[in-house]
1. Under 8 Å for C-alpha pairs, at least 6 residues apart: give me the relative contact order for region 2-138, rounded to a whole percent.
2. Which listed residue (P73, G9, A120) has the Cα farthest towards the positive end of the charge dipole for the chain, taking +1 on Lys and Arg C-beta and -1 on Asp and Glu C-beta about the Cα centre?
3. Taking the Cβ of V122 as the center, what net charge do the other residues with Cβ under 13 Å away carry, scoring Lys and Arg +1 and Asp and Glu -1?
4. Using the basic label-point model (7 angstrom from Cα toward the beta carbon), what is the K104 to D17 distance in nanometres?
5. Quick check: residue separation of E138 and D8 times 0.36 nm, minus the Cα distance between them. What number comes out in nm?
6. Enumerate by residue number the chymotrypsin sites (Phe, Trp or Tyr not before Pro) in region 71-134 meeting two conditions: DSSP loop (anything except H, G, I, E, B), and at most 16 other Cβ atoms within 10 Å of the site's Cβ.
7. Rank the residues E67, E12, E57 as a footprinting-exposure proxy: fewest other Cβ atoms within 10 Å of their Cβ go first.
8. Out of all DSSP beta bridges with both ends in region 2-138, state the antiparallel percent to the nearest 5.
Amino acid sequence: MRATTRGDGDMERLAADFAATLVPQKKRATVVGLSGDLGAGKTSFVRGVLRSYEVQEPVTSPTFVIEKIYTPPQSPFKKIVHVDAYRLKDSSELEDLGFKELLKNEGTLILIEWPEHVRAVVPDYARWLHFSFGQDAERFVTYDD
């Protein structure tokens, strides 16, 4: 599927629609990789997912802290982990943060910005979304249904 958005509001609505399709996996975390250029809408997308689950706290990219954990009040997920792998040099740095254990947590949704930086630890079952720019303020999100 390829969706076109104009602005953060459109991106957040698209994210809410996408979040409605997510269900917790049995015996493992649900993982979504968000790949694309700087400013293409990855963090806005994460914000939209979190807002759809009624998370009200500010949502910013965890570039310097690497990951941020949210407990959604209304969600099929008990915990949502937002990871930004932009500054990581390789997968071992994410492993050092206990990522392999996190992947075993049923009821956890993991949203990873820049998953290509840590591809070796992103599970095969992860869903991948790609964000890109179009004309003017258009941004595109491409993913498999």
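1. Contact order relative to length: 36 percent.
2. My answer, from the dipole projection, is P73.
3. Around V122, the charge tally is -1.
4. The modelled label-to-label distance comes out at 3.8 nm.
5. 45.8 nm
6. Within region 71-134, the qualifying chymotrypsin sites (Phe, Trp or Tyr not before Pro) (loop, at most 16 other Cβ atoms within 10 Å) are Y86, Y125.
7. E57, E67, E12
8. 25 percent
We did not get these values from a lab; they are worked out from the coordinates using the rules stated. Bear in mind that the values here come from a model prediction, so they are computed numbers and not experimental data. FYI the Cβ positions are ideal-geometry reconstructions off the backbone, even for glycines, and counts take in every protein chain you see.
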